[in-house]
Amino acid sequence: MKDPIRDSFKRTKRIITRPGKKGGGSAPTPPGRGLVNQIILALVIFFILVSVYSFFTGLASDKQKISLSELAHDISQGQVTDVKVSGDNLNIKYLDGSEKVSQKEVNTALTTTLKNYNVSADALNKVKVDVESDTGALYWFASLAPIILPIMFILFFLWFISRQVKGAGMQAFTFGQSKARLTNPNDRNSRVTFKDVAGAKEAKEELREIVDFLKNPKKFLDIGARIPKGILLMGAPGTGKTLLARAVAGEAGVSFFSISGSEFVEMFVGVGASRVRDLFDMAKKAAPAIIFVDEIDAVGRVRGTGVGGGNDEREQTLNQILVELDGFEPNEKVIVMAATNRPDVLDPALLRPGRFDRRVTLDMPDRKDREEILAIHARKKPFAEDVNLNLIAERTPGFSGADLYSLMNEGAILAARENRTTIAQYDLIRSIEKVILGPERRSHILSKKEKELTAYHEAGHALVASVLPYADPVHKITIIARGRALGYVFKLPLEESKLQSKKEFLDDIAVGLGGYVVEKMIYDDISTGPSNDLQVATALARDMVTKYGMSEKLGPIALESAGGKPLFGAGVGEKEYSERVSAEIDAEVSAIMNDAMKKAESIVKDHRKVLDAIAEKLIDVETIEQKEFEELLIAHSIKPKKKKDIEHQK
Ligand code: ADP
Ligand code: MG
Ligand code: ZN
């Protein structure tokens, strides 16, 4: 049953999958109106057929019809000259030349019937009886028509309807077809190359080999090298995985089929798998080609562990991907690339040699990379003289490529909104905060008390951050609401590093509690304001204990995988540690939190005057920049952090 259905998908597919063309050749009529028209047409044809039929069957009906007993009577009277028998129909001719019709009894000879009506043999002999052959075409038609015509009509109608569905409502028959988007290698406009990807040096190096193979496969095959079939791009969201995959296709000048993992999985069982088959078939035809499966974790999760329905479908799809990967001939010039930001949840079967065995990691861009990315997105944008991308890069640690792209875009929007023709440095600086926290909400009016509370809260964060040696120095404090935050302290590390130490974490947690501590101390009450601070700080403390082995009591042990979910293969909700350890973790976390709170409390008590000064200034001007803030600190004999200090301390 399965194959004919698939065949019908195949047939109908051709019209839709051709890349670059929407709809296809046989421009179908809109489904609603077309259907009505066709039904009307079918009905008209039906009525024509019916009237033709009744014309034939009713041919004789213009002659007077008489009963058999009348016929017998007329024959006995000697008035009848001729009786023509065709089937059961009798055509009777009279002496006076008139004609009448009648019907004889079925399966009984006419003479027998007449004899039963007491017609004498003499009288009968005077009548000429003609029996017409039963095999006459008209006879057959007349007798079969009542059965055949309705059947024909029904078949005809069904045929019409099905044609209708195929023509307009094509989707009903095409859900098995792959939804891949094809990027034509010869399309110069949308072509992406390595030049469009900044940073990511190692990744590009690694992928250059693939480009080389796609361009010149013979070189590799001749020497017996096995070319990787699958390449997995891993990296945080927005680090340019999709972009890089496109760039590989652009560099090699091959067809690029892209589809996202979630598009494979749809409601109908078996469809994901058939899409995979389709996609690979298409790519093989277009070889050399790259198939790009974006967000493969949507289908490639560890099998048999998910919760909820739809897993069979996912597993079938995954299995089909594995089958296709295995089924590649070594000289088939199709390479599968996949991207994910959750490599930890992928099924191990996907990662074994011969499948996605090449793994390319994309890191968050460092400062130099950020500057390059900014430069790429600065192309074609008019900038004022004062723009310094280096400075923007410095102020955006933790920004991904996508964030930087949106920063540049926001800058341009700001400039355009203020009717300027060039983008200024100030636009870009404002955009940094907008990207981080959402747009400013100047219209959000704080009551006098709210404003004071927010000022003290933020001042608390800023003060603790300035006093603790391992916390990042404060760049800016504001109590202008932005996004969901009522105010915030903008901190920047003195230098970027990939590693963070336990001391830094502990100071960060204390800074996070700065606002909470101040509210508690000054108002002897706690608002809902610090709830997010508490969440962030608690999560950090928990990670210290369960992931980084930074707890004295539990020692060097990773109780949770990097993704925060239980380690590989473990079922949902299954913990890998006992209840006792679980209790110890909780105890450790709350110990860290309490220590941090004490630290913050003592700082706030010791520097109460500075706190008041910061808060008052905030209430007054609402935003304090780094320079003013440092002056304020110096005035209260706190030394602002400088680069060399921290190096000294380390
Ligand atoms: P991902 O797929 O990793 O989530 P994308 O490739 O979709 O991220 O990146 C989104 C956008 O961010 C890209 O279209 C591009 O404009 C920008 N971008 C990301 N990384 C880079 C980079 N290294 N160089 C230039 N632009 C980048
Ligand atoms: Mg992507
Ligand atoms: Zn806060």
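The values are calculated or read from the model by the stated rules, or taken from the named source; none is laboratory data. What you see is a predicted model, and the numbers here were worked out from it, not measured in a lab. FYI the Cβ positions are ideal-geometry reconstructions off the backbone, even for glycines, and counts take in every protein chain you see.
A few notes on this one:
- Count of residues meeting criterion [surrounded by fewer than 17 Cβ atoms within 10 Å (Cβ to Cβ) and within 16 Å of ligand 3 (Cβ to nearest atom)] in region 490-533: 8
- Applying a threshold of 6 Å to beta carbon distances and a minimum spacing of six or more residues, or different chains, the list of pairs starting in region 70-94 at a residue that is within 15 Å of Leu110 (Cα to Cα) and ending at one that is among the polar types (S, T, N, Q) reads Leu71/Ser102; Lys84/Asn91; Asp88/Gln103; Leu90/Ser102.
- Any hit, region 431-448, residues being touching an Asp or Glu at 6+ places or on another chain (Cβ under 6 Å) and among the hydrophobic types (A, V, I, L, M, F, W, C): yes
- Only residues that are farther than 20 Å from Val610 by Cα and free of Cβ contacts under 8 Å to residues at least 40 places away in the same chain were counted across region 450-492, and they come to 1.
- Cβ-Cβ contacts under 7 Å between residues 6 or more apart (or on different chains), taken from a first residue in region 436-448 that is more than 28 Å from Tyr405 (Cβ to Cβ) to a second residue that is assigned to a helix (DSSP H, G or I) and at pLDDT 70 or above, are listed as Leu446/Thr454.
- Inspection of region 77-92 finds a residue satisfying the criterion of being over 15 Å from Ile66 (Cβ atoms), of a type in the set (Ser, Thr, Tyr), at pLDDT below 80 and surrounded by 14 or more Cβ atoms within 10 Å (Cβ to Cβ).
- With respect to the conditions (1) within 13 Å of ligand 2 (Cβ to nearest atom); (2) buried (at least 24 other Cβ atoms within 10 Å of the Cβ), Glu295 lacks only one, and its number is (2).
Residue-wise test of (1) modelled with pLDDT under 90; (2) under 13 Å from Leu428 (Cα atoms); (3) not hydroxyl-bearing (Ser, Thr, Tyr).
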site	(1), (2), (3)
Arg367	yes, no, yes
Glu372	no, no, yes
His377	no, yes, yes
Leu391	yes, yes, yes
Gly401	no, no, yes
Leu404	no, yes, yes
Met408	no, yes, yes
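- Output for region 285-306, where each listed residue is among the hydrophobic types (A, V, I, L, M, F, W, C) and either part of a helix (DSSP H, G or I) or modelled with pLDDT under 80 (or both): Ala286, Ala287, Ala298, Val299, Val302
- Per-region count, region 63-85, residues over 15 Å from Glu99 (Cβ atoms) and of a type in the set (Asp, Glu): 0
- A residue that is of a type outside the set (Ser, Thr, Tyr), buried (at least 19 other Cβ atoms within 10 Å of the Cβ) and part of a loop (DSSP other than H, G, I, E, B) occurs somewhere in region 544-556.
- Of the residues making up region 229-249, those that are more than 11 Å from ligand 2 (Cβ to nearest atom) and over 23 Å from Arg352 (Cβ atoms) are Ala247, Ala249.
- Screening region 236-258 for residues that are within 14 Å of ligand 1 (Cβ to nearest atom) and part of a strand (DSSP E or B) and picking the one that is nearest to Asp196 (Cα to Cα) gives Phe256.
- Condition check for Val536: part of a helix (DSSP H, G or I), hydrophobic (A, V, I, L, M, F, W, C) and away from ligand 1 (no atom under 16 Å from the Cβ): yes
- The set of residues in region 217-235 being touching a Leu at 6+ places or on another chain (Cβ under 6 Å) and either at pLDDT below 85 or part of a loop (DSSP other than H, G, I, E, B) (or both) consists of Lys229 alone.
- Here Arg208 meets the list (1) at pLDDT below 90; (2) away from ligand 2 (no atom under 16 Å from the Cβ) almost entirely, failing just condition (1).
- Being under 27 Å from Asp347 (Cα atoms), in a strand (DSSP E or B) and among the small types (Gly, Ala, Ser) is not true of Ser262.
- Unique match (being within 35 Å of the chain's Cα centre (by Cα) and modelled with pLDDT under 90) among Gly573, Gly555: Gly573
- One residue alone among Val276, Val271 is away from ligand 1 (no atom under 16 Å from the Cβ) and modelled with pLDDT under 80, and that residue is Val271.
- Filtering region 339-376 to residues that are within 11 Å of ligand 1 (Cβ to nearest atom), among the hydrophobic types (A, V, I, L, M, F, W, C) and outside any loop (DSSP other than H, G, I, E, B) leaves Ala339, Leu362, Ile373, Leu374, Ala375, Ile376.
- Filter pass, Ala180 being in contact with a Phe, Trp or Tyr (Cβ under 6 Å, 6 or more places away or on another chain), buried (at least 17 other Cβ atoms within 10 Å of the Cβ) and modelled with pLDDT under 70: yes
- Single condition Val276 does not satisfy, out of (1) away from ligand 2 (no atom under 14 Å from the Cβ); (2) part of a loop (DSSP other than H, G, I, E, B); (3) surrounded by 21 or more Cβ atoms within 10 Å (Cβ to Cβ): (2)
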